[in-house]
Amino acid sequence: MAAFHVGKVPPSIPSIREELGASLRQAGWLLSTVNLITALSGMAIALTADRLGHRRLILLGTAVLVVASTLSAFANSVDTLLIGRIFEGFGFIAVVVALPTLILRVAQPADQRLAMTFWTSYMPAGAGTMMLITAVVLPGTSWRVAWLVAAGASAVMLVVLLLRALPRHELDRQPVKRHLVLHEMAEVASSGGPLAIAVCFGAYSCCWFAVIGFLPTLQIERLGLSTSTAATVTAVITFINVGGNLATGWLMRHGLTRVVVIVGSAVTMAFCAAGIFIDGVPDLWRLVLAGVYSAVIGVIPAALFTALPVHAPRPGLVSASTGLLMQGSNMGALIGPPLTAVLVSSGGWPAAAWLTSTAMAVAAGAGIFLHWRERRKLGT
């Protein structure tokens, strides 16, 4: 439900630009501003959740999403909408950072790896569902309906949490002796493993949002598709990403190392993304490449999340390491769409391939460093 508030934006960009007169660069910030709070304070919020209680933060974040999305539906300017997106960013990260700890707490020990594998698909599953819903409601209406739908979904989720999660005693806050927040933040940020994971995830997010964020606009401007058709195609391509998330566990269980998964997917994605943007590629093949791109890029999140327990400085800092990962992820998501907008505005759609190729090179390099660090830490 939190990811609904990410997925509602890409298909709505043409409607927002038409109704509020947003430029392509402003549209880029609408796509990425929800990630601003996470990019600046993901690790701090994760450590706050450890102290105040993960369930409380989830309830607060969901309530903020309801209020911010509802009020933003009545915005009469791009600036007002951007302010609403900042609050939605706070609600989103409050939910996403706090959830993994509670998932591990309620899952049986034998099921924890499977539960976390499924959890990594929250973004493509939630965002893809909302993209599809938006594609259905947009014709004949406006982007405001999508904002109200997302707010309504989060309102239902809030009621369910209050009824079902609030009475669960195993979700109560567990007092743990902690160090100072700044001390723990410095300990995680100065550790090579979590830092490499965050950089790799940031490069992944930069490339993912650069492609998916503007895929509806590219289909309308380059392929001549209608708004609803472009939104539907984008939703389907986003859903394909779930398959990549779930395939990672199977691949690694059958002998593929983390570095092979990360570097292999990075190289494949670089070529697919370039084919989506450059001139001379048949229109149908652009969409085929987008589907392959979505499937392959989906293996990276699960590969990185499963690396967190291995590379956290100590077991008590897995949550903080997750926060650093989310900061890296959202930093990439924050800069990806605006950079894409700048490149496309100045050099046309083919210029966006420079960004995606560079981002994937960074992801591959971080994956190689992570492999070296892991072998050194495990003594293999």
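Taking the listed residues Pro301, Pro337, the one that is of a type outside the set (Gly, Ala, Ser), modelled with pLDDT under 80 and under 24 Å from Ile237 (Cβ atoms) is Pro337, with no other qualifying. Scanning the stretch 74-90 for residues that are of a type in the set (Gly, Ala, Ser) and either on the phi > 0 side of the Ramachandran plot or part of a helix (DSSP H, G or I) (or both) gives Gly84, Gly89.
Among the residues of the stretch 340-380, just one is of a type in the set (Phe, Trp, Tyr), over 19 Å from Cys272 (Cβ atoms) and either touching a residue at least 60 places away in the same chain (Cβ under 8 Å) or not in a helix (DSSP H, G or I) (or both), namely Phe369. A search for C-beta distances below 9 Å between a residue of the stretch 168-191 that is surrounded by fewer than 12 Cβ atoms within 10 Å (Cβ to Cβ) and any residue that is modelled with pLDDT of 70 or more and aliphatic (A, V, I, L, M), counting only pairs 6+ apart in sequence or on different chains, returns Glu170/Leu102; Glu170/Val106.
Restricting attention to the stretch 6-25, report how many residues are under 23 Å from Met123 (Cα atoms), part of a helix (DSSP H, G or I) and not small (Gly, Ala, Ser). Residues in the stretch 6-25 being under 23 Å from Met123 (Cα atoms), part of a helix (DSSP H, G or I) and not small (Gly, Ala, Ser): 6 in total. The residue pairs whose first member lies in the stretch 112-132 and is closer than 29 Å to Leu148 by Cβ, whose second member is at pLDDT 85 or above and not in a helix (DSSP H, G or I), and whose beta carbons are closer than 6 Å, counting only pairs six or more residues apart or on different chains, are Tyr122/Ala3; Met123/Ala3; Gly126/Ala3; Ala127/Ala3; Met130/Lys8. Just give me the residues in the stretch 136-157 being among the polar types (S, T, N, Q) and either buried (at least 21 other Cβ atoms within 10 Å of the Cβ) or closer than 21 Å to Thr248 by Cβ (or both), in sequence order. Ser154 - this is the single residue of the stretch 136-157 that is among the polar types (S, T, N, Q) and either buried (at least 21 other Cβ atoms within 10 Å of the Cβ) or closer than 21 Å to Thr248 by Cβ (or both). If you go through the stretch 266-314 and keep only what is free of Cβ contacts under 8 Å to residues at least 40 places away in the same chain and of a type in the set (Ser, Thr, Tyr), you end up with just Thr268. Does any residue of the stretch 27-41 turn out to be touching a His at 6+ places or on another chain (Cβ under 8 Å), buried (at least 19 other Cβ atoms within 10 Å of the Cβ) and either modelled with pLDDT under 85 or assigned to a helix (DSSP H, G or I) (or both)? Yes, the stretch 27-41 contains a residue that is touching a His at 6+ places or on another chain (Cβ under 8 Å), buried (at least 19 other Cβ atoms within 10 Å of the Cβ) and either modelled with pLDDT under 85 or assigned to a helix (DSSP H, G or I) (or both).
Applying the selection to the stretch 1-15, what residues are at pLDDT below 90 and surrounded by fewer than 24 Cβ atoms within 10 Å (Cβ to Cβ)? Hits for the stretch 1-15 are Pro14, Ser15.
Quick grid of which residues meet (1) small (Gly, Ala, Ser); (2) under 15 Å from the mean Cα position of the chain (by Cα); (3) not in a helix (DSSP H, G or I):
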residue: Val188; (1), (2), (3): no, no, no
residue: Ile197; (1), (2), (3): no, yes, no
residue: Gln219; (1), (2), (3): no, no, no
residue: Thr248; (1), (2), (3): no, no, no
residue: Gly255; (1), (2), (3): yes, no, yes
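Inclusion of Thr340 among residues that are of a type outside the set (Phe, Trp, Tyr), under 18 Å from the mean Cα position of the chain (by Cα) and over 25 Å from Val188 (Cβ atoms) is warranted.
Residue-level analysis places Ile133 outside the set of residues that are of a type in the set (A, V, I, L, M), at negative phi, surrounded by fewer than 23 Cβ atoms within 10 Å (Cβ to Cβ) and in contact with a Phe, Trp or Tyr (Cβ under 7 Å, 6 or more places away or on another chain).
The values are calculated or read from the model by the stated rules, or taken from the named source; none is laboratory data. Please read these numbers as outputs of a predicted model, since none were measured by experiment. Reconstructed Cβ throughout: ideal geometry from the backbone, glycine too, with neighbour counts over all protein chains shown.
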